[in-house]
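Student: Take a look at the following structure, please.
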Amino acid sequence: MRARSLSFRLFTTSIVWVFMALTVVGVLLTLMFQHHIEEHFDAFLYDHLEENIAAAIIDNTGELYLTWVPADRRFSEPYSGWYWQINQNNKLIATSESLVDGRLEFTQPDVDAGAQVQKVFGPHKEKLRIVVQQVIVPGSDFTYSFLVAGTVAGINRDVRNFTTKLVITLMLLGAGLISAVFMQIRIGLKPLRQMKTALKDIRSGTQKRLPEDFPAEVLPIVRELNTMMGHSEALLERARTQVGDLAHALKNPMTVIRNEAHEIEGERGKLLAEKTEAMASYIERYLSRARAAGSANVIGASVDVQAIVKDISFLMVHTYQDDDINIRLRQLDGLYFKGDAQDLEEMIGNLLDNACKWANSEVIVYGETRNSRIVLCIEDDGPGIPRHQRENVLKRGQRLDETVPGSGLGLGIVSDIAALYHGSLILQQSSTGGLLARLELPAAE
Amino acid sequence: MKILVVEDDLQVSRQIETALRNSGYVVESACDGEEGLYQGESGSFDAAILDLGLPKIDGIKVLHQWRSTGQNMPVLILTARDTWREKVNGLRAGADDYVAKPFQVEELLARVEALIRRATGHASPVLVCGPVMFDTTSNRVTCNETVVDLTALELGMLSYLMHHQGEVISKSELTEHIYDQDFDRDSNVIEVLVNRLRNKLGAGLIKTHRGLGYQLVCDEN
C-alpha cells in the first residue's frame, strides 16, 4: 500500500476512527460499570445503617444503646475494612468490634441532609467508603451520627478486572473492524484495480477498449476514456483511409503518365519523365507524412519492436534475394515502442530498405532501452554518406538525388515521423565504413 | 511464357500487357478480383501480376484463395497504398515479390523475369543449354556465340523449354504457355515451331518423345 494511494488514505482514516470510537466506548463502559458497582455498594451500606438506627434506643439514664448489632461477620473481624460507628458530636458512643479501639474521622453532615456518602481513611490508612446520617433518636434531645463503612478495595478490584476484560474484548473487536475495513477497501476499490489492468491490456495491445461493466461511480470516467480513444482512433483511421484512397487514386494515373513519358523520345520526353519522377517523390513523402499517427494515440499503445523488425526483414530478404544480403538481428528482445505500430513500420521499413539497397553483403540491426527511450541502430557495409551530406539527406523538401546513397526520400520520412514522437534520426559512419542510422524513440513501460 | 495480369485500372493494365507482349510473353488479363480468381484457378500460368486494390474481391483474398487451391505460380503484387504492413501481408499470403505504384514497366518486367527464373530453379539470368545461351533480361539468343534471330513465337517456345530444361513437355502444355486462349489447339503449328528451332539451333537440341512431348537436351557433345 503506497502512501499516496486511496487505499492508504481510507485505511489510515479508518484506523483513526476505529481507535477513537473504541477508546470512547471503553472509557464510558468502565465509568458506567464503576458507577453501578458503587451504587450497589452504597445500598448495602445503607441497609446496615438503617438496621443500626432501628436498633438504637435511649435507656432510662438517657444513654443510647443498641438492642442488637449487625450479624455480618465482617463487622466482628478486627480491621476487616467493614465498620460501623455511632457518635454524638465528637463523642464516640459505640463502634463495631472490627474497629477494635480505633475511630473513624468524618465530616458531620447536616441533620436534614439525610444519608450521605463520604470517602475516608480507615485505621490502616485504607480507603473506605462510608454512609453517614444525623439522626435524632426518640427519647433524646441530642442528634447522633450513625455511620457504616466498607473498604473500596473490592470495588477497585472488580473495576480493574472488568477493565482488563473490556480492553481485551475491545482490542479483538478493533482487530476485527480493521480487517473488515481492509476487506471493504479491497472490495470497494477493486474496480479501480480492474481499470488499471484494463489500461495495461490496452497498452500492450491485447484489448482495444475498457470493458463497460464498471460500477456507476467509475463508469462515466471509463466511458469518457473509451470515447476519447475511439475518437482519436476514428480520426486516425479516417485520415489513413483518405490518404490511402488518395494514394490509390493518384498512383494509377501516375503510373500511366510515367510510362507514357518514357515512351516519348527526345528532350520533351526527358523533361516529362523528370517532372513525373519528382511528382511521384513528393507525393510519396507527403502521403507518408499524412499517414503518420504521431502522438495522436491517447493511451500510447506499446509496440513490440522485434516483431516488426522481423516482419520487415522477411520482406527485405525477399526483395533483395538476388543481392545476397545477410540481415542480422541482435539484442532486440524486450524493446517496446510507445506509439503507433504503422508509424514504426514506416520508419523501420524505410531504414532497412535503404540499408539493404546500399549494403554490400550485410545489414545489422540492434537496439537497447535507455532512460525510457529506445535506441535502434541499423548498420550497413555499403559506401555510407559523406559527413557534409548527412544533414541534407534528412532535410525537409530536399531535392532528391538518386545517385547518392541514403538520399532516397526514405530517410527524410523517417526523420519526419521520429520528430512527431520527439525522437530523432542520426546518421553516422558504421564500423565497416557504411551508414549507421541511429533512431531514438520513446519506449513503452 | 504465360502471364496473368489482374489490374482494375484499364490503362495501367494495357501498359503492362503491351510491355509483356513486346517481351515475348503471352498475356491474359482480368479487371476485378472475381475474374482474376477464376482465371488464376482455371488456367496454367508461369506467373501472375496481381493488384491488391481490386473491386469485388481484394487482391490478398484472391492470393489466399489461389494458394489454398494449390496454385503455386509465382505472384508479383502491385500496391498503391504501399504501407509496409500491406507488403508484409502480401508476402505472408504467398506473394513472391511486390512492386509499388507508380512503377516503370521496365522494372516490372525485370521483376517478373526474375520471378519466373527463380521459380524454375535458375539463379543466373542467362540460361545455357549446350551451345545455346538465352539472356532472359534482353531476350537475346546465341548459338556457339553467334546471335540467332528468332520470331516472337520461336522465342516464346525456346524460353519455355530453356526454363524447363530436362523436363519432357507435352504439346498441349507448350500450346498453353506460348499461345493465347483462343488458339486452335488442333493445328500442327507446334511441330512447325520445333522444326524451325532445330534448324536454327541444331537438330540435336530438342528431342521428341513420341506420344509424350519434347525435351531440351543439353549434353555438351
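Student: Among the aspartates and glutamates, which have Cα under 13 Å from the Cα of residue A:338 when same-chain residues fewer than 8 positions away are ignored?
Tutor: A:304, A:440, A:445
Student: Determine, for B:173, A:284, A:263, the number of other Cβ atoms within 10 Å of each Cβ, and report the residues in order from fewest to most.
Tutor: A:263, B:173, A:284
Student: May I pose another question? For the protein assembly as shown, give me the percentage of DSSP beta bridges that are antiparallel, rounded to the nearest 5 percent. Please report the intermediate quantities before stating the final value.
Tutor: Numbers: 69 of 91 bridges.
Percent antiparallel among DSSP bridges in the protein assembly as shown is about 75.
Student: Charges only on Cβ, +1 for Lys and Arg, -1 for Asp and Glu: so what's the dipole of segment B:2-119 about the Cα centre, in debye to the nearest 20? Can you show the working numbers first?
Tutor: Numbers: 14 positive and 19 negative charges, 76 e Å.
That gives a dipole near 360 debye.
Student: Would you give the gap between the C-alpha center of segment A:150-223 and the C-alpha center of segment A:365-382, rounded to a whole Å?
Tutor: For segment A:150-223 versus segment A:365-382, the Cα centre distance is 48 Å.
Student: While we're looking at this one, here's another question. Give me, ordered by chain and number, the residues 5 or more places off residue A:362 or on other chains with an amide H under 5 Å from its own placed amide H.
Tutor: Placed amide hydrogens put A:326, A:381 under 5 Å from residue A:362.
Student: Continuing with the same structure: Let me spell out the model: positive unit charges on the Cβ of Lys and Arg, negative unit charges on the Cβ of Asp and Glu, origin at the Cα centre of chain B. What dipole size does that give, in debye rounded to 20?
Tutor: 480
Student: While we're on this one: Scanning chain B for helices, which whole DSSP H stretches are 15 Å or more long along the axis (Cα) and average -1.0 or more by Kyte-Doolittle?
Tutor: Working: long enough: B:10-22 (18 Å, -0.49); B:105-119 (21 Å, 0.38); B:152-163 (16 Å, 0.97); B:189-201 (18 Å, 0.39).
Long hydrophobic helices here: B:10-22, B:105-119, B:152-163, B:189-201.
Student: Rank B:130, B:143, B:115 by how far each Cα sits towards the positive end of the charge dipole of segment B:102-143 (+1 on Lys, Arg Cβ; -1 on Asp, Glu Cβ) and give me just the farthest.
Tutor: B:130
Student: A follow-up question, please. Once the Cα atoms of helix A:266-291 and of chain A are each reduced to a long axis, what angle between those two axes, in degrees from 0 to 90 to the nearest 10, is obtained?
Tutor: Roughly 10 degrees between the two axes.
Student: Compute the relative contact order of chain A as a whole-number percentage, counting only Cα pairs closer than 8 Å that sit 6 or more residues apart in sequence.
Tutor: With pairs under 8 Å counted, the relative contact order is 10 percent.
Student: Ok, one more. Calculate the mean, over all residues of peptide A:273-282, of how many other protein chain Cβ atoms lie within 10 angstrom of the residue's Cβ.
Tutor: 1
Student: Rounding to the nearest 10 and keeping the result within 0 to 90°, find how far the Cα-based axis of helix A:190-204 lies from the longest principal axis of chain A.
Tutor: Roughly 10 degrees, rounded to the nearest 10.
Student: Right, here's the next one. Describe numerically, in nm with one decimal, the distance between label points set 7 Å from Cα along Cα→Cβ at residue A:333 and at residue A:157.
Tutor: Rounded to a tenth, the inter-label distance reads 7.5 nm.
Student: A follow-up question, please. Taking a cut-off of 12 Å between Cα atoms, list the aspartates and glutamates near residue B:200, but don't count ones fewer than 8 places away on the same chain.
Tutor: B:149, B:154
Student: Just list whichever of A:200/A:357; A:310/A:357; A:200/A:310 have alpha carbons separated by over 27 Å in the model shown. Don't jump to the answer; show the numbers that get you there.
Tutor: Details: A:200/A:357 39 Å; A:310/A:357 18 Å; A:200/A:310 25 Å.
Table pairs above 27 Å Cα-Cα are A:200/A:357.
Student: What does the structure give for B:102-110 when I average, per residue, the other chain Cβ atoms found within 10 Å of the residue Cβ?
Tutor: Values: counts 16, 6, 7, 5, 2, 0, 2, 0, 0.
Partner-chain Cβ atoms within 10 Å, mean over residues of B:102-110: 4.
Student: Take A:370, A:291 and order them by how many other Cβ atoms sit within 10 Å, fewest up front.
Tutor: A:370, A:291
Student: Turning to a different aspect of this structure: To make sure I understand the rule: partners must be lysines, Cα under 28 Å from the Cα of residue B:207, and not fewer than 8 residues away in the same chain. Which ones qualify?
Tutor: B:2, B:171
Student: Per residue of B:8-18, how many C-beta atoms from partner chains lie within 10 Å of its own C-beta, taken as a mean? Could you put the intermediate results ahead of the total?
Tutor: Details: counts 1, 6, 2, 7, 7, 1, 1, 6, 2, 0, 2.
For this peptide, the per-residue mean of nearby foreign Cβ atoms is 3.
Student: Moving to a separate point now. Fewest Cβ neighbours within 10 Å first, please rank A:277, A:51 accordingly.
Tutor: A:277, A:51
Student: Pull up all non-local amide H partners of residue A:429: gap of 5 or more, or a different chain, and H-to-H distance under 5 Å with H placed in the peptide plane.
Tutor: Sorted by chain and number, the residues that satisfy this are A:436.
Student: Once both labels are modelled 7 Å past Cα along the beta-carbon direction, what's the residue B:191-residue A:32 spacing in nm?
Tutor: 12.5
Student: Please give the helix A:341-358 orientation as an angle from the longest Cα principal axis of chain A, in degrees from 0 to 90, rounded to the nearest 10.
Tutor: 40
Each value in this text was obtained by applying a stated rule to the coordinates, not by laboratory testing. Computed from a predicted structure; not experimentally measured. Quick reminder, even Gly has a Cβ in these numbers, built from the backbone with ideal geometry, and neighbours come from all protein chains shown.
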